[in-house]
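**Q** I have a structure here, written as structure tokens, and I will follow up with some questions on it.
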Amino acid sequence: MVNVAVLGAAGGIGQPLSLLVKLSKDVSSLRLYDIVRCPGVAADISHINTNSQVQAFEGNAQLKDCLTGADIVVIPAGVPRKPGMTRDDLFGVNAGIVRDLVQAIAENCPKAFVCIISNPVNSTVPIAAEVLKKNGVYDPRRLFGVSTLDLVRASRFVRDLRPSFDAGTEIPVIGGHSGNTIVPIISSVQNAVHFSEEEIKTLTHRIQFGGDEVVQAKNGEGSATLSMAYAGYTFVNSIIRAMNGTPTTVCSYIDVSVDQSGFEHYKNLCADQVEYFSVPVSIGPNGVEKILPLENLTEFEKDLIKTASSAIAQNIASGVNFARK
Ligand code: NAI
């Protein structure tokens, strides 16, 4: 049984994500934190008849109590995109939010698994790492950037083109979590779907910029929240399974120093040096265990990795510089 804290729980992602976590039989305590609207959301969710106990924490003064004893902390706090914005445009606001929340994690639950949803993930994860390092509590095996929505979209968008494809089939997506840093490995299902080169190009672009479809359709009301809540819940469930001793694999944006030799396979394909990258990993009770290889990448995918790595290197530098200031 685990204790899960959601920071930013009253938001567009936070509410449905908290609802889904409430359904989990493996959660004993669900702590919902936000700077506004939290008691109402928590009271509502708390009436659902599963065994976990729901508590509301609102405002900075209650953050310590929210985090004390938390095993998993999920962070969807911060502002989302509006039409015409890139994820990097959110840096100015969200970098500070993530820095301050992770400082509180370092002080109150330094051993928790930390799952960062707040964008730009390519930069907010390095910020989190720097804060944990500054506090002397950094364990790179326990820090995750949640890029699961890219995998969810990849499988669903393939199904849109090939109705016989099972949308539940996992397609690895590596690199980062924004635009052309998102690298879907469609070759992993090519034997089943037989896409032409043109189809692969179009599909890759749709997966990379799928978030824009939602931003445009919501027309100023934010970005993906419901599909993200589903993706976040899937990710949290994988972490819970791993914590409970079931070997589990996920794709996540992590500090690749956890398994230097495992990352060698990808490093050789990168144009720039990257300390963080989304890769398939096996996770166990203590977090990331191994970076797993992806075999038989196509030349097209290798080129995508090259392009992605240059942008990610810059995103990492922005995050690190901000946190060290
Ligand atoms: P939202 O604006 O609906 O909700 C954000 C919540 O964070 C609000 O309730 C707000 O009060 C709260 N918040 C703000 N500052 C806070 C602080 N210091 N402490 C605690 N809570 C705070 O936004 P939405 O749509 O839920 O998106 C949240 C974040 O998730 C955005 O940064 C967005 O870009 C990102 N996102 C990430 C995705 C991913 O795949 N990783 C996908 C979609 C969105």
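Readers should treat all values here as calculations from the given coordinates under stated rules, not as data from a laboratory. Remember, predicted model here, so these are calculated numbers, not experimental data. So basically every Cβ, Gly included, is an ideal-geometry build from the backbone, and we count neighbours across all protein chains shown.
**Q** Let me know the Rg and Dmax you get for the chain when you use only its Cα atoms, in Å.
**A** Reported Rg and Dmax, both Å: 18.7, 56.
**Q** While we're on this one: Taking 22 Å as R0, compute the FRET efficiency from the Cβ-Cβ separation of Gln190 and Asp166 and round it to 0.05.
**A** 0.90
**Q** Can you tell me the order of 279-290, 229-240 when each peptide is scored by its average per-residue count of other Cβ atoms within 10 angstrom, highest first?
**A** 229-240, 279-290
**Q** With all pairs of different alpha carbon atoms counted, what Kirkwood hydrodynamic radius in Å does segment 125-233 show?
**A** For segment 125-233, inverting the mean 1/r across all distinct Cα pairs yields 15.4 Å.
**Q** Give me the compactness ratio for segment 2-145, meaning the Cα radius of gyration over 2.2 N^0.38 Å.
**A** Against the compact-globule rule of thumb, the ratio is 0.99.
**Q** Each residue of segment 69-80 in turn: what ³J(HN,Hα) in whole Hz from Karplus with 6.51, -1.76, 1.60 and θ = phi - 60°, glycine and Pro shown as x?
**A** Along segment 69-80, the couplings run x, 6, 9, 10, 10, 10, 10, x, 7, x, 8, x Hz.
**Q** Among all lysine pairs in the chain that are eight or more places apart or on different chains, how many have alpha carbons less than 19 angstrom apart?
**A** Lysine pairs meeting the criterion: 12.
**Q** So, one more: Which value results when the Cα radius of gyration for segment 27-97 is divided by 2.2 N^0.38 Å?
**A** Dividing the Cα radius of gyration by 2.2 N^0.38 Å gives 1.31.
**Q** For segment 63-197, what are the per-bin percents of Cα-Cα distances with bins 5 Å wide, up to the bin holding the maximum?
**A** 2, 10, 17, 17, 15, 12, 11, 8, 4, 2, 0
**Q** Here's another thing I want to ask about it. Size of segment 206-291 along its principal axes in angstrom, Cα-based, largest extent first?
**A** 44, 38, 16
**Q** When Lys and Arg each count +1 and Asp and Glu each count -1, what net charge do the other residues less than 12 Å away from Pro285, Cβ to Cβ, add up to?
**A** +2
**Q** Could you tell me what % of all Cα pairs in segment 148-324 have separations over 19 Å?
**A** 60 percent
**Q** Let me ask something else about it. Sort Arg37, Arg99 by Cβ crowding within 10 Å, fewest neighbours at the top.
**A** Arg37, Arg99
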